[in-house]
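Take a look at the structure below.
The values are calculated or read from the model by the stated rules, or taken from the named source; none is laboratory data. This is a predicted model, so every value here is computed, not measured. Cβ coordinates were reconstructed from backbone atoms using ideal geometry, including for glycine residues, and neighbour counts include every protein chain displayed.
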Amino acid sequence: MLAEARRQLIKELVFEKKGVKVTELAEKFSVTDETIRRDLNILEKEGVLLRGYGGAFIQTGVENIIDSDIRKTVYKESKDKIALLCSNLIQNGDVIFLDTSTTAYYVAEKIVNKRLTVLTNSLRIINLYSIYSNIRVVGIGGHFNKSEMGFFGLNAIKSLNEYFVDKAFISCRSLSLENGLTESSEEFAELKTKVINRSKESYIIADFSKFENTSFLKVAELDSITGIITDKKLSERWHDELKSKNIRIYDN
């Protein structure tokens, strides 16, 4: 198969599945991983997709679920900036919730020296804190989602009914002024809605790529949250609307 034809098929696959892995593509087309990486680099330069660790993805589509391994190395500077802003809001003695998002993991890394109780459904965060005696970790139950490396479902929701937290830091797939906070999956949306309801303060942690988009399922209206923490200055329209709803803005 000619390289151009292979790249066209890769393009069609990534638009269908929203995310693809190098190893799977190499096997499908009977070529080396390096060949696929070159194809993905070319498609990224053409603006077709975004490269991540071990694969590539696109941001569009209301039902867009991308493996966390692919997402975790994308927008690293943005996530690091958001994590720093979050760490400034977290005080010793706080009880906080962190979700399975890659941005929440960056937050978790920033606060390893604080004395906290952390409630989470993220296996990665549980593993990170396993060596820190200053952080009490409470993991919620549920079925294990391998692509998200976390726990979801009915038992996770039941577990959340037992807890309240001072501050929750959660991501979402998309957010817009018209449609509020939205997610790609029912189990993601349901858990995040529950977390917001069990938190004294709830903060949405979202890089610039999440704004002005809408995904498949409603999580909550904007006025149900305490604040939005992002990496780039929001537009005047966003500032005016959020301030009218008494939603705190952390974007600088």
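Here are the numbers for this structure:
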read-out	value
Test set (1) part of a loop (DSSP other than H, G, I, E, B); (2) touching an Asp or Glu at 6+ places or on another chain (Cβ under 9 Å); (3) more than 14 Å from ASP94 (Cα to Cα) - GLU162 fails condition number	(2)
Those residues of segment 207-246 which are in contact with a strand residue (DSSP E or B) (Cβ under 6 Å, 6 or more places away or on another chain) and under 20 Å from ASN88 (Cβ atoms), in sequence order	ILE225, THR226, GLY227, ILE228, ILE229, LEU242
Among the candidates SER215, SER209, SER174, residue that is surrounded by fewer than 22 Cβ atoms within 10 Å (Cβ to Cβ), modelled with pLDDT under 95 and hydroxyl-bearing (Ser, Thr, Tyr)	SER209
Enumeration of residues in segment 85-115 that are among the hydrophobic types (A, V, I, L, M, F, W, C), in contact with a Leu (Cβ under 8 Å, 6 or more places away or on another chain), in a loop (DSSP other than H, G, I, E, B) and under 21 Å from THR230 (Cβ atoms)	ILE90
Tally of residues being touching a residue at least 40 places away in the same chain (Cβ under 8 Å) and either in contact with a Leu (Cβ under 7 Å, 6 or more places away or on another chain) or under 22 Å from SER199 (Cα atoms) (or both) across segment 212-223	4
Count - residues of segment 183-206 that are within 12 Å of the chain's Cα centre (by Cα) and either surrounded by 23 or more Cβ atoms within 10 Å (Cβ to Cβ) or at positive phi (or both)	6
Subset of segment 33-78 that is among the hydroxyl-bearing types (Ser, Thr, Tyr) and modelled with pLDDT of 85 or more - its residue that is farthest from MET1 (Cα to Cα)	SER78
Failed condition for VAL118, given (1) part of a loop (DSSP other than H, G, I, E, B); (2) under 15 Å from SER202 (Cα atoms); (3) at pLDDT 95 or above; (4) not basic (Lys, Arg)	(1)
Every residue from segment 146-159 that is of a type outside the set (S, T, N, Q), free of Cβ contacts under 8 Å to residues at least 24 places away in the same chain and in a helix (DSSP H, G or I)	LEU154, LYS158
